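Here, each number is a calculation from the coordinates, and none is a lab measurement. These numbers come from a predicted model, not from an experiment. We place every Cβ from the backbone using ideal geometry, glycine too, and count neighbours over all the protein chains shown.
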Amino acid sequence: MLLFIIGLLISAVYTVYILPIHEGVAPSIKPTVYPVLYKGMVIFPYSKQKALHLHHWIIYLCVCLSGLYVDIPKSILGFSFGLFIQGLTYEDSFKF
């Protein structure tokens, strides 16, 4: 349980220093690796002008759910759970 809490605390620090406070703003660290990452956001282009934005909370939800079937370190689960919950706080969390 201690490792899970440590993961949660690390996710809180990551949230404060890296992720934007409001939706629609790029994170502090914003790598771009075409075609998957654009300004730190996971983007899948499907035409020249349109793309699907995969929110970080979806990725971390998948990590959390994988922990039910695969042995994932508790600190990683805590970090993933923290960022899953944080991602849901954005007003556009269900806009893709």
Please go through region 64-96 and give me each residue that is among the charged types (D, E, K, R) and touching a residue at least 60 places away in the same chain (Cβ under 8 Å), ordered by number.
LYS74, GLU91, ASP92
Residues in region 31-65 that are over 13 Å from the mean Cα position of the chain (by Cα) and farther than 18 Å from SER11 by Cα total 17
